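These notes concern the structure reproduced below.
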Amino acid sequence: MSSSSTTTTTTRLLMLKASDGVTFEVEEAVATKLGAINNMVEEEGSEDLICLPNVNGKFLGMVLEWCKKHANNNTNSDKGNDEVNKWWDKEFVMDLDQNTLYHLLMAADYLSGTELVDLLTEKVASMIRGKKVEEIRETFKIKSDFLPGQEEEIRKKNSWAFE
Amino acid sequence: MRAHRSRSPLSAPPTLPWNHPRQRLSQKKYWLVAATINSLPDQLWVEIMSRLPVKSLLRCKCVQKPWCRLIDTLIHDRTFVTKHLNSSIDRPSLYIRSYDVSRRVRNSFVTICNENGDNAHLDTVIEDFDLSPFRQQYHMSFLGSHCNGIMCISVLRQNIVLLCNPALREFKLITGSCLGPRRRIDQT
């Protein structure tokens with residue numbers, strides 16, 4: 001899987017290589033939305049192939065897709081950008097399965113994509129907020145490992161939170 | 001022609017001072033393993049937890065032992081508390097003091113939250129918190145002042161100040177305060 005963006009003579013392209021060897025050619029303005037890549041470009045220039053040994057091609061592709069969308073939205077029109085981005089972000093996180101969500105989150109964190117980390121951590125938080133303990137366990141498929149009585153003790157300490 | 005020289009990998013993210021034995025994914029080929037919420041690194045847990053209201057944090061303590069340990073560490077960590085406070089600024093609570101027919105005082109917090117991120121649907125959460133154990137013992141003045149989510153209530157005619165963290169329902173009585181017995185704490 002390799003992605004190429006529409007090239008114009010003025011935009012510089014960066015070559016990114018994921019851990020599984022998949023390479024991406026991305027506009028510099030898009031890729032530098034990621035803090036880690038921005039730092040590398042600033043320090044070492046944009047000529048070389050940038051190797052990202054901790055990100056798999058699938059998730060790097062998704063992170064770059066998000067960056068591209070946001071970069072495009074921000075240049076297209078002045079008004080309503082926030083609305084467009086918000087709407088698009090909502091669509092982006094809506095159908096993510098948990099495995100993809102966590103891998104994507106770790107990839108975004110590794111690449112210092114602060115805005116994307118914010119979006120994805122908020123998604124995880126929304127899966128916890130307002131839920132009861134049993135519902136949280138069910139959502140994340142987690143089994144309780146408390147000894148009998150231990151959980152009740154915690155509940156008793158802050159009983160108001162469990163009403 | 002472009003020289004394809006590989007660069008050194010990015011430095012590893014900083015590790016936090018607390019350690020909890022959650023399931024970890026090895027660095028090699030981690031994407032082949034199904035990731036769960038427990039495989040997220042500490043710094044992402046901090047991000048997620050700082051977005052949760054206190055009630056959810058306390059509930060999370062009951063999910064599993066590692067969750068409990070992590071949250072216990074976090075709520076005593078100054079950096080996390082500041083982070084949590086900053087993200088709670090988006091959901092301010094209104095403190096309401098009312099009297100019922102038998103003139104019993106009721107302290108409540110009304111929080112308006114916009115959890116779906118759209119403005120079409122706003123939830124209102126009303127939570128009562130009980131100051132009666134202190135009221136029976138002390139004659140308390142009106143709410144004096146508040147700062148960063150901590151309320152300060154003075155006890156009349158005694159040199160005592162009650163500090164109260166309504167989010168955690170925690171109280172601290174400070175006896176022999178430097179304010180002196182006759183001072184009333186005013187809004188600042």
Taking a cut-off of 29 Å between Cα atoms, list the lysines near A:Lys156, but don't count ones fewer than 8 places away on the same chain. A:Lys131, A:Lys132, A:Lys141, A:Lys143, B:Lys55, B:Lys61, B:Lys65, B:Lys83, B:Lys172
Hey, can you rank A:120-126, B:41-47, A:84-90 by average C-beta count inside 10 Å, highest first? A:120-126, B:41-47, A:84-90
Averaged across A:102-108, how many Cβ atoms of other chains sit within 10 Å of each residue's Cβ atom? 5
Under 20 Å from A:Lys17, Cα to Cα: aspartates and glutamates that are on another chain or at least 8 residues apart: A:Glu25, A:Glu27, A:Glu28, A:Glu42, A:Glu43, A:Glu44, A:Glu47, A:Asp48, A:Glu65, A:Asp109
I'd like the mean, over residues of A:139-146, of how many other protein chain beta carbons sit within 10 Å of each residue's own Cβ. 4
Ranking request for peptides B:96-108, A:127-139, A:100-112: highest mean number of other beta-carbon atoms within 10 Å first, then the rest in descending order. A:100-112, A:127-139, B:96-108
Degrees, to the nearest 10: A:81-94 long Cα axis against longest axis of chain A: 60
Whichever aspartates and glutamates have a C-alpha closer than 12 Å to that of A:Lys86, once near sequence neighbours (fewer than 8 apart) are set aside: A:Glu115, B:Asp118
Expressed per residue, the solvent accessible area of chain A in Å² (1.4 Å probe) is about 52
Viscosity 1.306 mPa s, temperature 10 °C: what is the translational diffusion coefficient of region A:68-161 from Stokes-Einstein with a Kirkwood Rh over Cα pairs, rounded to a whole number of µm²/s? 99
Can you give the FRET efficiency to the nearest 0.05 for B:Arg97 and A:Thr11, using r as the Cβ-Cβ distance and R₀ = 56 Å? 0.40
Using only the alpha-carbon atoms, how far is helix A:98-110 inclined from the longest principal axis of chain A? Give it as 0 to 90 degrees, nearest 10. 60
I want to check the label-to-label distance for B:Arg104 and B:Leu163. Put each point 7 Å from Cα in the C-beta direction and report it in nm to one decimal. 3.0
Averaged per residue, what accessible surface does region B:33-87 expose to a 1.4 Å probe, in Å²? 35
With 10 Å bins from zero, work out the P(r) of region A:13-142 over every alpha carbon pair and list the percent per bin. 12, 39, 31, 14, 4, 0
Taking a threshold of 20 Å on the Cα-Cα distance, which of the pairs A:Lys68/A:Lys90; A:Lys33/A:Lys68; A:Lys123/A:Lys157 fall above it? A:Lys123/A:Lys157
Average beta-carbon neighbours from other chains, 10 Å sphere, peptide A:45-56: 4
Buried accessible area between B and A, both sides, 1.4 Å probe, in Å² rounded to 100, is 4900
For region B:33-87, max minus min Cα coordinate along each principal axis, in Å, sorted largest first? 35, 20, 16
Any idea what the relative contact order of chain A is, in percent, if you count C-alpha pairs under 8 Å spaced at least 6 apart? 19
Rounded to the nearest 10 degrees, what's the angle between the helix A:35-44 long axis and the longest principal axis of chain A, both from Cα atoms, 0 to 90? 40
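The values are calculated or read from the model by the stated rules, or taken from the named source; none is laboratory data. Since the model is a prediction, treat every value here as computed from it, not as a measurement. Don't worry about glycine lacking a Cβ; one is built from the backbone with ideal geometry, like all the others, and counts go over all protein chains shown. SASA here: full protein model, heavy atoms, side chains in, ligands and nucleic acids out. Shrake-Rupley method; radii C 1.70, N 1.55, O 1.52, S 1.80 Å.
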